[in-house]
Every structure is written in structure tokens, then in C-alpha cells.
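Worksheet: the structure to be examined is printed underneath.
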Amino acid sequence: MTSPTLDVAITILIVDDSEEDRVTYMRYLQSDLSRSYNFLEAATLEEGLIFWRSHQPDIVLVDYSLPDGEGLELLEAMGEGVLVPKLEAIVLTGHRGNEQLILQTMRLGAADYLSKSEVTALSLCNRVGRVVDHLLLSRKLQRLQNQEIVIAKIALHIRQYFDLEEISNAIVQEIRAFLKADRTVIYRFNSDMSGVIIAESVFPPWETCIHRQLSDEYFPENMGGEYREGRVFIAPDIYTANLSECHLHMLEQFPTRASLIVPILHPNNLDHPLWGLLCTYQCFEPHFWDELDIRLLQQLSVQLAIALQQAELYRSLQISNTDLENRVNERTAELFKRQQESTALVENSPNLILRLDRQLRHLYINSAIEKILGIPPAAFIGKTFREMGLPERSILVAEDAIRTLVTTGISQQYEIEFPLSDNRGTAHYQVSVIPEYDADGEISTILMVFADITSNKLSEFALQEANRRWQSLLDNVRLIVIGLDNEWKVEYANPFFLESMGYELAEVIGKDWLSCFVPQSEQENIRRDFGGFLNNPDKFLKYYQNAIVTKSGQERVVSWNNTILRKQNNEVIGTMSIGEDITDKLKVERLKSEFISIASHELRTPLSSIRGALGLLASGVLANQPEVAQNMLNIASSDTERLVRLVNDILDLERLESNNVTLNRQWSDTAEICQQVIETMEAIAAKSQIEIISNVPSQQIFADRDRLVQTLVNLLSNAVKFSMPHSQVHLEVEAITDEIIFRVRDHGRGIPESNLESIFERFNQVDASDSRQMGGTGLGLAICRSIVQQHGGKIWAESVLNQGSTVSFTIPHRI
Amino acid sequence: MENTSSKTIVLIDDEEYICQIVKTCVEVFSNWKIITARSAKEGLAAIAITHPDAILLDMLMPNMDGFAVLKRLKASTKSVDIPIVLLTARADLAEAHKIAELGVQGVIVKPFHPTQITSELSQILNW
């Protein structure tokens, strides 16, 4: 068994030409049972030197006098190359008390001097023992020193290098060399307590085990067992170390005979402190592991733990550095990309973008300027607006905005028109003037952005124009326009509504439409009809008709065309209604309907008689009843006449009222006209025993003579019809300032006051049967009124019941 | 079909000629008896006296028109069941819904055909 331990046998070279002495010395020394010596014997100086060189004994016991020289020569040879020799040699001499010799021996570095005469077992053992003690102490010190050097080297290495692999390799290298071991490895645990050899130094011919995965059931079961507590595993011989078969088998794989294993504990990980193992092996033969070996390994495991910590720190620093670096790179790339994009954006922007210095010189201007003015951007750099000859007004506005910006520090905005190059018209811009500050917070440059708002402006103008047109339309349209909100409040009323209904705007806006402007009788219906449209716009009634109340309290019927007003998001915000006042139209329609109804009756009645009479005659059933047949013929004839008159009057009235008749006006004499009328009526009047009395001055009148005669005959005819026999009918004419008044007066039954106006309406006699009884058509007075109105005059009736009536009309001298 | 020989009709029309012609037609083309009245007042009196089988009524008459007469007839238990046929120039009253609304049996529109008036009446009155 080899052992580097210091308590092993000391090899002593005894150089003495006396065999007896050599044997004596050996016997003496062997008597010291506390020590163990090996002996080399040399009889001559030469032989001694050979042994010295070949065997390197620990101690030399040399006789001063040798046959081939002095023992001191051996000391000289031993101390060669050493400045201050310190030899573990004891010189034996027969010359007791020779101080010269002692001095010389000590100078050569001998450890001791002994006179042969003083040599006893005790003295020799003591002297040699002292030297051995010294030697061992020296060696131990040397070993410790070397060990410290190794540790220092490793520590230095750790401080110089941050790579754990590098440090690990250096450590295993140093340990193996220092301990002269066959193999030194660092074994690192995985999280499942399996492990791998991450560093190895191996002495040939032993094969490398680097990166070998090792798995020992022992480790996972107890999470590293005693290693976790920092225990050291020492096995001078694995076969006597009482190992488990599994463990033994694993060690044999290397192969291993003696092993020394210390744990590497992670100082910062309390849950899993066992990081790995530092193992050194002798592969071939058993080996006693010295305390110093163990200490060395322990110290280096601590160094490894430090290295581990350092490497982790370094790695995390590296990661963080790398991360930082990557982020810086990414950010830089991004910034660069952004800058490129911004540049491209600015350069290709349709907006004109420029930067000015404080002297208003262009530092930058984008290419939009070329499209606007046809001047390349480069031409602007270093120049002011004025130097570039821009329109004075635009310069003044810009300078004003910049002045305000510099004074207040607040971004400015303004709009400006700008003539485009090549007579392309005028562009409109919204200009933003933005300050840019230097590091001291002073405005260093001014950014100006000209956004083209031409299309917006044109739209705005178009919108304004459209609004103006709409407003004009709403203001001038002869239709009612009313805007209501969702609460039925009036939001808009056009001037025609105000004008036609007599309201002021202030009396309408904001008022509740229904309660203020709709007759009470219709409010409920309208609420019912429109109530649900807000929730269901499909139920909205586009067309509606209802009455509204004027300021004077009259009711006017309006036909509405309604529209729902919506926001852009389709939310209903109210209604807009356009209405036509159809009150007069309805009245006309009603009158027309009534007229048609009456006219139809008036036409059908004589037609019925005619058809009936002629039909009976034609059927032949009256062939034997000549009287009846004659009566039928009379009926037919009479009602034919009646029908003719009726048709004539209808057509005449229609012509008059549709202004299709042109009056044939001429100067005539009233007396002559009246004379003609009286002559026409005289026979009829006489038949009814009525006297016509006229009092007509001669007066020139500018009128349609025939129509005037027609009127007077009609009035006189009526007067005669409704006069009692033997009574009188008066025809009077009176000239006043501007007109001539004609009067026809009778003493008949009179006209009820309620009928004084309606008798001039068509088919509106006081008594409908009058027309039949009196042979009238019911249209005479309507025709008279129309003729008078055509002349610019008016007609009216006055009456006292049962005393008589007077119908008067005026004809102006001139229209 | 009922025996029509004893049918009596009252005609109310302010037009004398119409009365004469209708009377002649009825007398010539049927064996019904016809009483003519020239006003509503006269007609209502005739109805009250004779209690006719049917009434022929003109609508547009002075003083009291046909609508007022209808109202009177419908208001009286004595006359409410007497069938009424309108003889009018108002063609619009011949529409089915108006006939139902007025509560009359039918409408003969003027100008009527003299040889067909009795057959029209027969058809309307289901005689």
C-alpha cells in the first residue's frame, strides 16, 4: 500500500565503511518502536552518492572518514544548487570535540553532528528522531504551503475566470496533480438527484468518464444523504469500506479502488444545498487519504461553491447583459425603423410639413411643396418665406402666428387660402404651428404642418350653399313647414306658417304643438295615430290631415307630408312636416260636389220627364188614350225647354266664372238700356198684371250693354215672378261719384234675412221648388252676380218679409 | 209570389211631371194603385191614411227632403215596416252600402225608363 502520509517509514542511508557500525546503527534505530525506518547501506562515498541520487533517502547518516573520501563531500554533493543547504544528514566522526569539523559540517547544512564514541542506542535514536521530526515537520509545512499555493491558484483562477466549466477543469487538474491521484472528477446533481460528471482529470491509461450519467438509488432516496450535511466519504479501499453492492458496482465502473469524496454545497440554496461532489480516486490500488488531502478537497469544494455562486452571478449578469444588449439592439432597430417610417411618412405626407429656425429660415420642408408650388424642397433650405416670394398675406398670417407662439409658447392654428402653381386654382390649408424646444427648454425650432382642407372647404361651401338654398326655400315656400322634437315641442316654424296663421315666432317655438295649435277635438286622434312611432317608426304616418288653430281662433285644415328626422346613428330626433292649407280647396271641392249633385238633380229631373213621356208614347201603350198622350207630349216639350234653359245657364255661368267671356264694353246710355229691358219684360209683366215703374236718368255708362240688359232682365223677371198681381215693380238708376247704382224693387213676399246672400249662389233659391214653379233654372242670380263682378261692381239684396225686396248692383264708371 | 192586384204605392215627388208619368206608367203597366204626393208633408199624410204596400220616395225636395221623410217613417211603428224604394237623381245612393245604410229596399235612378219602372219595382219589392 502506497501512502503519501508523513508517518510512514523513513528511509535512512547509512554511509560507513564499517559494516559493524552500520549494523549497530540499524539495530539501535530499530530499537525505537515509535518509528519505522528503512535502511540503505553504502560503504563508500561513491556508493553513498549513487544511493543518494537513485533513492533519495530521507536521512543520511554519514561517516566523516570514508575510504574514498570525506563524508563532507557527500554533504556537498547533496547540497548542490542549494543556496542555504539544509540537509537531513547526520555526520558521524571519530574526532570528538573537533570544532573546526563541526563548523564545516554545519556550514554544509548538516542537521546534526555525532561523535562515534557517543553513539548509543538512546543518543542515536534521539538525534535521528529529532532530525526525522524536523524532516516531517518541514515536509508537512512544505505540503501545507504547496496546498495553500494550489488553493490560492484556484482562488485566483476563480477570480480571473467566470466560466464554471473552465474553473472546474482547473480544479480537477490541480487536485489530481497535487494528490497524484488517478482520477479527479466533479459530479453535478440533477434535480432528480441523478447526476453527470462535468469535469474530470484522469491519468492515463485510465479512460475518461467525462459526461457520464450516474444514477445511485442512494441519492434520490435521501436527497444526497449525509453529503447534505457536509460529510466526507473516505474509502482507502472500496472493498473494505462496507459499501452496498450497488455503490460498489458503480465505483467499479470507473474503475476505482480508493476514493475520497467531498460534497459541493450550494450556499444560497437552502432547500437543495447539495450541488455536486468533488471526487478523487486511485484506480489501481488502495490508498490512505491524508487529513491534508481531505482538507484540500474540502477547501476546494468551498472554492468550487464560490465559483459556482460567482458563475451563477456571472451567468445571470451575462444573461441580463445579453438581454439588455438585445433589448438595446431591438430598441435601436425599432427606433431606426420608426425613424425610417417617420421620415418616409413625413416625406410622403400629403400635408406640407416644414421646420423653421428662430430666424424663420427653412431647416426642412417635405416634398409636398413641389406639388403645391412646383419648387423643389432643396430650394427652400436656409431661406425665409419672404425670400421665397410667397404671397404677402400668407407670410403676414404665418409671422403673426409664430410671434404669438413664441410669446405664449402655445401651439397656434389658422386657416389660409393659397394659390396653386400653374393656375390650378386655390387650395385651403389648416396650418398648425408647433414649438420645438432645446435641452434648456427654449423654443429652438418651429414646426409647421399645412393640412390640405380644400375638399372639406368645398364641401363646407357646398353645404353652406345648400343650407342657404334650403333656408331660402323654407323662408319663401308657400307651404307650412313645422319641425317638432320628440316631445311634440315646436323646434321650427317657417315664415309662411307664421304669416298664414297670424303667429309671431316667439309664440310658436318651444310650444307644445298639440295643445297650442291643434283643435282639442283632434288632439286625441293625433296622439293615438302618432303615439307609437318613436318606438316603431314603421307606424309613422307620412300623410296626414288635420285642422290647426290660427291665432284668431279659426280652424284651417292642413294636409301634411311628414318626415322623421334622424341623427347619423339613426336615432329619431323629431319630425319635419310640410303642410298645405287645404281649407279653401276643401270648401271649393265641397261646393263643387254640391253643385254637381244639384246640377245632376236639376238635369236629371227634366230628363226623367222627357224620357218618361217619350218612352210611354214610344211604347204605344197610350195609343188609345190621346189625351194622356198629348199630356205626355206637353210634358216632354215643356221640360225640353226647361232643360235647354238650364244647359244654357250652366254653360253661360261657367264661361263667366272661368273668365272665358270678354266683356264687350262700350259707352251706353242708362236710360236707353233700361228702356230695352222694360220693353223685353213688359209683355211678361202685363201677363202677370204687374206694372213696371222706372225712374232712370240718362247717364253714360261704360259697360257690356247686352250683359247689363241680361242682368236687369233677370232681376226684373225675378221681381215680376215674386210679385202679387196688380202690384208694382220698380227699376231705378242712381249715379254717384264713382259708380252707377241699379235697383230693382218689388213688393213681393220678401227674402228671409238668412238667405240674402245665399240667393246669389247657384241653385240656391229661397225655395228650391221656385225654379220649377217659376220656370227658373236657379242660376239667374248667380249669373247676375258674375256679370256685375266682371264689371268690377257688387250686387246685394235687401228685404223686408212680406213687404218686398230690393236687389241692387253697382257698375263703376271705370275699372 | 203574393197577389199583386191589391198593391198600393204612395209616390212622393215635388216634380209634377214625374208624378204624372210614374202614375201613368204604374196604371198602364200594372194593376197597382198609386197615390202621388207633391211634398213630404202631403206624402206622410197619404201614407198615414192609406198605409200603402210600398213607398216611392224622391230625395231632393224643398222644405222637407227625402232623408227627413225616411227618418219620420222609420221612427213610426206604423210605417217602419213599409218597404221604401227611392226614386232619385242621386245615382250615388244606389250603391249597396248606401241602400243598407238608409234602410230602404232599393233605388231607381232618374231618368228611369218608363216601361221598366214597374218591373224594377216588382223585382225590388219581390212582388
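Charge tally around A:Leu586: other residues with Cβ under 14 Å, Lys/Arg +1 each, Asp/Glu -1 each, net -1.
Think of each Lys and Arg Cβ as +1 and each Asp and Glu Cβ as -1; about the Cα centre, that makes the dipole of the stretch A:473-570 roughly 280 debye. Each residue of the stretch A:592-608 was assigned a 3J(HN,Hα) from its phi angle through the Karplus curve 6.51 cos²θ - 1.76 cosθ + 1.60 (θ = phi - 60°); the sequence is 5, 4, 5, 4, 5, 4, 6, 4, 4, 5, 5, 7, 5, 5, x, 4, 4 Hz, with glycine and proline shown as x. Only one residue of A:Gly579, A:Ala613, A:Gly502 has its Cα farthest out toward the positive end of the dipole of the stretch A:479-626, where Lys and Arg carry +1 and Asp and Glu -1 on Cβ, and that residue is A:Ala613. The convex hull of the Cα atoms of the stretch A:411-495, projected and averaged over all directions, covers 11.1 nm².
Taking only Cα atoms of the stretch B:40-127, what ratio of Rg to Rh do you get with Rh as the Kirkwood inverse-distance radius? Walk me through the intermediate numbers first.
Numbers: Rg = 12.4 Å, Rh = 13.3 Å.
Here the Rg-to-Rh quotient is 0.94.
Of the GluC sites (Glu not before Pro) found in the stretch A:400-452, the ones in coil according to DSSP and having at most 15 other Cβ atoms within 10 Å of their Cβ are A:Glu442.
Given a 1.4 Å probe and the protein chains as shown, A:Arg424 ends up with an accessible area of around 120 Å². Only protein heavy atoms count here; on that basis, with a 1.4 Å probe, A:Trp560 has an accessible area of about 20 Å².
Within the full protein context, the accessible area of A:Glu46 is estimated at about 120 Å² for a probe radius of 1.4 Å. Quick one: angle between helix A:121-160 and the longest Cα principal axis of chain A, in degrees between 0 and 90, rounded to 10, please. Tilt relative to chain A: about 20 degrees. Of the residues A:Trp796, A:Trp52, ranked by 1.4 Å probe accessible area with the largest first, the sequence reads A:Trp796, A:Trp52.
For the stretch A:460-535, GluC sites (Glu not before Pro) meeting the loop criterion (DSSP other than H, G, I, E, B) and having at most 15 other Cβ atoms within 10 Å: A:Glu487, A:Glu504. Considering all alpha-carbon pairs of the stretch B:1-60, what whole percent are spaced by more than 15 angstrom? Cα-Cα pairs of the stretch B:1-60 separated by over 15 Å account for 45 percent. Counting only protein chain heavy atoms and rolling a 1.4 Å probe, the accessible areas of A:Lys511, A:Lys592 rank, largest first, as A:Lys592, A:Lys511.
What do you reckon, how do A:Glu330, A:Glu245, A:Glu70 stack up by accessible area (1.4 Å probe), largest on top? Can you show the working numbers first?
On the way: A:Glu330 120, A:Glu245 160, A:Glu70 80 Å².
If we order A:Glu330, A:Glu245, A:Glu70 from most to least accessible, we get A:Glu245, A:Glu330, A:Glu70.
Across every direction, the projection of the convex hull enclosing the Cα atoms of the stretch A:104-177 has a mean area of 7.4 nm².
When the trypsin sites (Lys or Arg not before Pro) in the stretch A:514-544 are filtered for DSSP coil states and for at most 12 other beta-carbon atoms within 10 Å of their beta-carbon, the remaining sites are A:Lys542.
Give me the net charge for the shell around A:Val23: Cβ to Cβ below 11 angstrom, other residues only, Lys and Arg +1, Asp and Glu -1.
Working: positive: A:Arg22, A:Arg27; negative: A:Asp16, A:Glu19, A:Glu20, A:Asp21, A:Glu41.
Computed value for this residue: -3.
Can you give the Kirkwood hydrodynamic radius of the protein assembly as shown from its Cα pairs, in Å with one decimal?
Numbers: mean 1/r = 0.0217 Å⁻¹.
It works out to 46.1 Å.
Mind checking the angle between helix A:164-179 and chain A's longest principal axis? C-alpha axes, 0 to 90 degrees, to the nearest 10. Helix A:164-179 sits at roughly 10 degrees to that axis. Axis angle, to the nearest 10 degrees, between helix A:670-687 and the longest C-alpha principal axis of chain A: 70 degrees.
Within the shell defined by Cβ-Cβ distances under 13 Å, the residues around A:Ser559 carry a net charge of -1, with Lys and Arg each +1 and Asp and Glu each -1. Charges were assigned to the Cβ only: +1 to each Lys and Arg, -1 to each Asp and Glu. The resulting dipole of the stretch A:181-286 about its Cα centre is roughly 280 debye.
The values are calculated or read from the model by the stated rules, or taken from the named source; none is laboratory data. Everything quoted here is computed from the prediction, not taken from an experiment. Using ideal geometry, Cβ is built from the backbone for each residue, glycine included, and neighbour counts are taken over all protein chains shown. In case anyone asks, the SASA skips ligands and DNA or RNA and just uses the protein heavy atoms, side chains included. Shrake-Rupley method; radii C 1.70, N 1.55, O 1.52, S 1.80 Å.
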